[in-house]
Structure formats: structure tokens, C-alpha cells
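> Here's a structure for you.
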Amino acid sequence: MMMMSVSLLVLYFTTQISGLEVKSVPEVSGGFVHTELEKTVSLTCLSEPQEAELVWLRNGQLISVAAGNTWGSSRLCVTPVTKYDHAAIFTCQMKNNASVNASVQLEVTYAPLHSGKEEVSVEETRELELSCDVVANPPVLVSWQRHGDPIDLSEGSFLLTNDGVMSRLKVARVNRAVHQGPYSCVTSSPIYPNRTKSFEVTVTDKTLQFQTDLIFPMIAGLVVIGCTTLLAIVSRWKWITQCYK
């Protein structure tokens, strides 16, 4: 935490003393620009002296700007803002002196994208997996419900995983009496309303599954036997025919 505070202080201090200043709409606050998805961030870099040529970088990579947008002041727009812009650092620096620079970092907030209802059909004794998109900033709390009540993971052989991108509810072997019915994935955010994705799980009768790795050799064997028998009959018939001539 102390190292982060020092880094932010250096970033802010550099912006003030380097001869460059980055202004933003929305406004810069402590070196950060707070915004949301689909919004527009407008950055303006001002230099002293005015004749300095400026360049922009995003996370250290050079950004191409129009030739007339580099001398004395330079403007850059990020539109529309996406979740991939979160934590991106935009740096304005003098082209002939990279040590003279100023930076801001985007802080993009967004809610998870999951919503709606999904119909899921699974055969008895098969595996069931329900998934829910939980990517968000700030991170969200995730809860799974069945018939509107929190799922007890100690019952019904449920397995819950969450990698910060997808939350998954799994059942290795489905039982209609236990697992059929409505499910929901609910995310709770400190700044956005709760979001819910619903599932209606229908468990169907188990169908007979043929083992193709055994059937194909059997069919091939029967074909060989049939062909051999047919050839034997044809050969025998020719011999009988010759005897009657």
C-alpha cells in the first residue's frame, strides 16, 4: 500500500513539475480518470514551451495521432470506453525528451453482463454445468439459488467454482428428483443494482448409448464373414453347375 501511495505521488508530482500537464474530461483526480463503459474520455496535453512536439503512449505503446495535433498541445479521445481500458495508462511526453512526461490512468467501472433466462436440458445421470459471467469492476459477490433459496453445496453433490470471469455451478451426475427446477445466479455490486441470470433445468430420461468403438469392429467382422460366405457359395455353385453339364 505504501509503495502504491508513493507511485501515485510521483505520478502526480511529475505531472506538475515536468512542463507538461494532462487535463481530462471527466476531470483528473489524483492521477486517475474515473469513467464508465460506453462513455468518452477526452485528454488534452499542454506543454511549456509551446513549440515542443508531443507524442502519446498507451501502456508504453506509441499512439498514432494527426500531424497537426502534436505541437504545443495535443488532444486524444478514448471512445467508447470498454472494460479493456480499465487501468490503462495514457502518457504524454516530449518527442525529443522522453523524461519530460505526464500520465493519467483510467479507472473504468462496470457491472457484469449476465441477464435473461436460459433453458437447459440434460439427461438423467449426465453432467450439468450452469455458467454466469461475473467480470466487473468493482468485483461483485456471487450467489446461486434454487427455487429462490440459496443452494446448500453440502447437499445435491453441487460444485461451485469462480475464477473472477465465470462462476460455474456443476453437478457430476444429475438426479431428476434432486436437480430439476429453476436456478438463478445473482451478483451484488457496491455501486450497481443486483443482476440476475435465470436457468430452467429439465432432466430427461436417459437414452441408450451405443458404444461405437465396439459396434464398428463388429460390423466390419460381419461384412467379412458375409463376403467370405458368399464367395464360398458362388464357388460351390460353379462346381455343381459343372457337374451337371
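The values are calculated or read from the model by the stated rules, or taken from the named source; none is laboratory data. Everything numeric here is computed off the predicted structure, so don't read it as measured data. Neighbour counts run over all protein chains shown; Cβ positions are idealised from the backbone, glycine included.
> May I ask you to say which residue of 83, 95, 23 is under 25 Å from residue 189 (Cα atoms), without any contact (Cβ under 8 Å) to a residue 60 or more places away in the chain and not polar (S, T, N, Q)? Outline the logic, then answer.
Values: 95 fails: under 25 Å from residue 189 (Cα atoms); 23 fails: under 25 Å from residue 189 (Cα atoms).
Only one candidate qualifies: 83.
> Can you tell which of 108, 120, 100 is among the β-branched types (Val, Ile, Thr), surrounded by fewer than 18 Cβ atoms within 10 Å (Cβ to Cβ) and either at pLDDT 95 or above or in a strand (DSSP E or B) (or both)?
Exactly one residue qualifies, and that residue is 120.
> Which strands (runs of 3 or more DSSP E) sit wholly inside region 11-80 and have at least 1 residues that are closer than 18 Å to residue 101 by Cβ and modelled with pLDDT under 95?
20-25, 41-47, 73-78
> Starting from residues that are surrounded by 14 or more Cβ atoms within 10 Å (Cβ to Cβ) and either assigned to a loop (DSSP other than H, G, I, E, B) or touching a residue at least 40 places away in the same chain (Cβ under 8 Å) (or both), keep the ones in region 158-174 and report whichever is nearest to the chain's Cα centre (by Cα).
Only one residue tops the list, namely 169.
> Also, I was wondering about something else. Tell me which residues, restricted to region 110-137, are over 16 Å from the mean Cα position of the chain (by Cα) and on the phi < 0 side of the Ramachandran plot.
117, 118, 119, 120, 121, 122, 123, 124, 126, 127, 128, 129
Residue-by-condition table, conditions (1) over 29 Å from residue 138 (Cβ atoms); (2) exposed (fewer than 14 other Cβ atoms within 10 Å of the Cβ); (3) outside the structural domain of residue 191 (by TED's automatic domain parsing):
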| position | (1), (2), (3) |
| --- | --- |
| 24 | no, no, yes |
| 35 | no, no, yes |
| 38 | no, yes, yes |
| 70 | yes, no, yes |
| 73 | yes, no, yes |
| 79 | no, yes, yes |
| 84 | no, yes, yes |
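> Continuing with the same structure: Restricting attention to region 55-74, which residues are touching a Leu at 6+ places or on another chain (Cβ under 7 Å) and either within 17 Å of residue 106 (Cβ to Cβ) or touching a residue at least 40 places away in the same chain (Cβ under 8 Å) (or both)?
55, 56, 63
> Just give me the residues in region 40-68 being within 30 Å of residue 192 (Cα to Cα), touching a Ser or Thr at 6+ places or on another chain (Cβ under 8 Å) and exposed (fewer than 14 other Cβ atoms within 10 Å of the Cβ), in sequence order.
40 - this is the single residue of region 40-68 that is within 30 Å of residue 192 (Cα to Cα), touching a Ser or Thr at 6+ places or on another chain (Cβ under 8 Å) and exposed (fewer than 14 other Cβ atoms within 10 Å of the Cβ).
> Looking at 129, 124, can you tell me which residue is touching a helix residue (DSSP H, G or I) at 6+ places or on another chain (Cβ under 9 Å), of a type in the set (Asp, Glu) and assigned by TED's automatic domain parsing to the domain that holds residue 182?
124
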